[in-house]
Amino acid sequence: MDQPAIPDPIAAAASPVMAQYFAAKARQPDALLLFRMGDFYELFFDDAAQAASAIGIALTQRGTHAGAPIPMAGVPAHAVESYLAKLVRAGFKVAICDQVENPAEARRRGSKAVVRRELVRVVTPGTLTDDTLLNARGANRLAAVALRADQVAVAAVELSTGEVECLLVRREGVAAALSALQPSEVLVTDRLFGELAGDLEQAGGAIETMPAALAEPAAAEARLKRLYGVASLDGFGPLAGAEVAALGLIAAHLEITQAGTIPALRPPRRSTEAAFMSVDPATRISLEIECTLAGQRQGSLIATIDRTVTGPGARRLAARLNRPLLDIAAINERLDAVAWFVDDIEARRQLRELASRAGDMARALSRLALGRGGPRDLGAFVQGLEAGSKIGAMLGARCGPLVQLPKEIADAARALDLTFSAELAALHRALSGGLATDLPLQARDGGFVGQGVSAELDETRSLRDDSRRIVATLEIRLAEQAGVPLKIRHNAVLGYFVETNARHADTLRAPPHATVFIHRQSLANQARFTTVELAELDGRIARAAEQALGLELAIFEQWRGRARALAPSIQAAAEALAALDVASALAEWAVEVGAVRPVLDEGVGLSAAQARHPVVESAVRRAGEAFTANDCRLDGAAVDGPRLAIVTGPNMAGKSTFLRQNAVLAILAQAGSFVPAAELRLGLVDRLFSRVGAGDDLGRGRSTFLTEMIETAAILNQATARSLVIVDEIGRGTATWDGLAIAWACAEALHTIGCRTLFATHYHELASLEERLAGVANLCLKAKEWNGKLVFLHEASSGCADRSYGVHVAALAGTPAPVVSRARVILERLEAKSASTSRLAELPLFAAPEAVDAPPSAVEEALGRLDIDGMSPREAQAALYRLKTLLRGRS
Ligand code: ADP
Ligand code: MG
């Protein structure tokens, strides 16, 4: 752009309103500014043009500035949410500048005073809180990365629920840690951006660079204290410098975007990367954990096993699968809870039934704390606490002196037991008795406080209702007096008025009447009047309504304040419900697919019996076929036991499925889920790597082969003896001998590291490693030739594929028959001993089969003789039978 997007306000004298606009814009130069003007939010200058082209709103003009028309686009204030959603999805940051007083208040300050406006919020991808902008079943996190004294910290906040966490990681662990959080937006200082750009790009989310000064120790600490309203950070434990810096960046971003409103945040949950299985972004993508390679949720691991009945439950399940644990006791606590719900069918059924009626309390609380909540958010508490107390009672009834609940369930039941907090129970009573049944979205719409909450409100309302009744009787009386049909109506401009057909206008105008009708307005067909009495009533009703609304808003504020003060208990109850939803949903899924409890130990083995890939199985089942279960045994400790399996087999035999299935089992097991197998014993996997060759990555401007090698190098540098590595056909993106050499060297290196490895390859030469290296075994997914066709058994057994059946697959794919038969001839030559391309030179040239004029067959001749028009249906059928006999005679 050669022209500045915003003209310099000083250079060109601006109107008072535009001066306000420029001041706001100067504070958020890189955001689209939505500027409230009456019933609309307006965008000006370049913002208007950008928004108009991005979301298709009309571009107009408003007045002039510096001699040129000002481009303008507007969205109606009542529908601003849906436009916000579109703009944020289109990748914009949006600042909202609202009117913070009404025109009457402005006039009181002086006849020329402009309505005061302030920046009330900046909407960025990581700070969404509105229901319409969020996915109920997906988290929406804002993350930050900071580095201090060789330590790297990754912090994240979910503003919509108030969860905060902080993780110390190695420099190489940044991408894995970030991608596990699936952030929508990542903050990083401008100083660190260059160094971390690659990691940030892999992890996804919008990147926001911040001035490095914001991460300085003193500044970060001060901001963090302000955010939490604490005098010292000691309550959070000994935070490392990097953690304070990362949390400080988040605090700075929230200060700006929330315009100083303090959200209801929980204390940061701290951990180190040693607590979680490390799964890097490439592995996450290739295992299709949260979304498929095509980018869809449908068909991902999470979508396939998710049986949760609440949004918070779905989010928690995703968080667990994105971050499997490394602590056997913690994993077993989760498994105990799942097992309990597997056994107690009735508890599971009741819990799912009750939980499905609970609202999303955490998100409701967060909106209320930020001043964006409405009556429906209070309604969510009623539903959530209602469901929670019933669930607490149901669980309580199930344990006695002899029966103990598993720890996770017992903890949740305790959190739900409202008697532990008299205040929370009181709030629940107040809300469930006090909220009306039909709740408006916004408090200012009124009508959400029920009868009996406030005597004053009830009185004001009855005054209003009485006055309305008086209006009704007045209508009858006035009609009688005037002797013409008339109605009393109401609108926002005139208030109450008398309306009659234009024909009768003169009758009302003309005296003598007991009542004087004062003319207000004439329309094409109607005339509108008022009377002294009606005007008085109108004033009384309007005052009563205004007073009632004021009282309702005060009650709303009071309820909001109580909820805000009880935030920790409400959050705990919400978390307990989510935990129970996850445990019972995993149980539901386990029963549905026949999954079993995995056994975890500190060893380095993997022993799966009759295991299945949950996603492929459900796809295969939908197609009406059966999935073939397979065993897998790897042991990193045994001297002779295989720890690296070379997996061969023809295309489509099920190699990739077999590999991923074992990686998915490890994720499920360590996330605390049952696994689809007859049995699984697993030594904890510290890092999981999955690499798939031949994936096309041209979109990112890297050669496929280069990417493949970069990813493979990462495995060789980071895998440990506790890791699980699956390598699927690497080395494909280059010439045969290069590829073979690289695949070979990688297999040897992985064998040396000692990690459990499944290595699928089309280089059958690698099978010879089995004889040379003690820890290597060959596995093969076989296919059988049957009647000239290829039948895939999908069965993993020891040994190496004898051939790759590529030619068969080509035939299956519909390659023209002459090409397939020609390929067979070439293959035979190649497979002859001491095959080399030179032998191909002796091969006779490929001759296209000539189009021969074969004589017509008996069937064709008979067909040609048929006179279809002259045949009766019966004769036609007989002819068909004859043709069939002819056909049989030929074969
Ligand atoms: P490969 O990697 O050997 O080419 P894939 O693992 O991609 O083969 O599997 C190809 C297809 O075969 C899958 O999409 C699935 O439909 C089917 N398949 C794979 N494994 C099994 C199995 N164990 N049981 C049933 N069908 C399977
Ligand atoms: Mg494959």
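With contacts taken as Cα pairs under 8 Å at a separation of at least 6 residues, the chain carries a relative contact order of 9 percent.
Each residue, Thr720 and Glu592, gets one label point 7 Å from its Cα in the Cβ direction; the gap between the two is 3.6 nm. Taking the DSSP beta bridges with both ends in the chain, the antiparallel portion is around 60 percent.
By the gyration tensor of its Cα atoms, with a ≥ b ≥ c the square roots of the eigenvalues, what is the shape of segment 258-405: rounded for a/c under 1.5, prolate for a/b over b/c, or oblate?
On the way: a/c = 1.57, a/b = 1.06, b/c = 1.49.
Note, shape of segment 258-405 comes out oblate.
Surface composition of the chain: carbon and sulfur atoms hold 54% of the protein heavy-atom accessible area at a 1.4 Å probe. The long axis of helix 532-565 is offset from the longest Cα principal axis of the chain by roughly 40 degrees. Since only Asn501, Thr473, His490 are under comparison, the one whose Cα sits farthest along the positive direction of the charge dipole of segment 461-504, derived from C-beta charges on Lys, Arg, Asp and Glu, is His490. The label-point distance for Arg297 and Val403, in a model that sets each label 7 Å from Cα toward Cβ, rounds to 3.5 nm. Rg ratio for the chain: its Cα radius of gyration over 2.2 N^0.38 Å, N being its residue count, equals 1.25. Report the FRET efficiency, 1/(1 + (r/R0)^6), for Ala741 and Ala212, where r is their Cβ-Cβ distance and R0 is 60 Å, rounded to 0.05. It comes to 0.85.
Among the trypsin sites (Lys or Arg not before Pro) within segment 258-361, which fall in a DSSP loop and have no more than 14 other Cβ atoms within 10 Å of their own Cβ? Display every interim value, and only then the final one.
Values: sites: Arg269, Arg270, Arg284, Arg297, Arg307, Arg315, Arg316, Arg320, Arg334, Arg348, Arg349, Arg352, Arg357; in loops: Arg297, Arg307, Arg357.
Sites meeting the loop and neighbour criteria: Arg357.
At most 16 other Cβ atoms within 10 Å plus a DSSP loop assignment makes a site exposed; report the longest stretch of the chain without any exposed GluC sites (Glu not before Pro).
Working: sites that count: Glu101, Glu602, Glu625, Glu842, Glu850.
My reading of the result: 102-601 is the longest stretch.
Report the rotationally averaged projected area of segment 230-319 based on its alpha-carbon convex hull, in square nanometres.
Numbers: hull surface 34.7 nm².
Orientation-averaged projected area of the Cα hull: 8.7 nm².
Distance from the C-alpha centroid of segment 730-801 to that of segment 338-365: 46 Å, rounded to the whole angstrom.
Amide H contacts of Gln526: Ala502, each under 5 Å away and 5 or more positions distant or on a separate chain (H built 1.01 Å from N in the peptide plane; Pro and chain starts excluded).
Charged neighbours of Thr515, selected by a Cβ distance under 9 Å, balance to 0 (K, R count +1; D, E count -1).
For Leu553 and Ala79, FRET efficiency with R0 = 22 Å and r from the beta-carbon atoms, rounded to 0.05? If you can, show how the numbers build up before the last one.
Details: r = 23 Å, r/R0 = 1.03.
It comes to 0.45.
Please compute the contact order of segment 139-287 in relative form: average sequence separation of alpha-carbon pairs under 8 Å and at least six residues apart, divided by the residue count, as a percent.
Numbers: 285 pairs, mean separation 47.6, N = 149.
32 percent.
In degrees, nearest 10, range 0 to 90: what is the angle between the Cα axis of helix 375-398 and the longest Cα principal axis of the chain? Helix 375-398 sits roughly 50 degrees off the main axis of the chain. Overall shape: oblate for segment 566-683, with the ratio a/c of the largest to smallest alpha carbon gyration tensor axis at 1.5 or above and b/c at least equal to a/b.
Once the C-beta distance of Lys112 and Arg503 is scaled by a Förster radius of 45 Å, the resulting FRET efficiency is 0.45 to the nearest 0.05. Considering only Ala264, Ala796, Thr530, the residue lying farthest towards the positive end of the dipole of the chain is Thr530, judged by Cα position with unit charges set on Cβ.
Where the centroid of each part is defined by its Cα atoms, how far is segment 446-496 from segment 533-582 in Å? The distance from the Cα centre of segment 446-496 to that of segment 533-582 comes to 25 Å. Estimated purely from DSSP H runs of n ≥ 4, each contributing -39500 (n - 2.57), the mean residue ellipticity at 222 nm for the chain is -14500 deg cm²/dmol once divided by its residues. Placing pseudo-labels 7 Å out from each Cα toward the beta carbon at Ala535 and Ala23 gives an inter-label distance of 4.0 nm. Based on protein heavy atoms only, the chain ends up with 47 Å² per residue of surface accessible to a 1.4 Å probe.
Shape class of segment 293-358 from the Cα gyration tensor (axes a ≥ b ≥ c, square roots of the eigenvalues): oblate, since a/c reaches 1.5 or more and a/b does not exceed b/c.
The values are calculated or read from the model by the stated rules, or taken from the named source; none is laboratory data. Model, not experiment: these values are computed from the prediction. Positions of Cβ are backbone-derived with ideal geometry, glycine not excepted, and every protein chain shown enters the neighbour counts. Accessible surface is based on the protein model in full, side chains and every heavy atom, while ligands, DNA and RNA are left aside. Shrake-Rupley method; radii C 1.70, N 1.55, O 1.52, S 1.80 Å.
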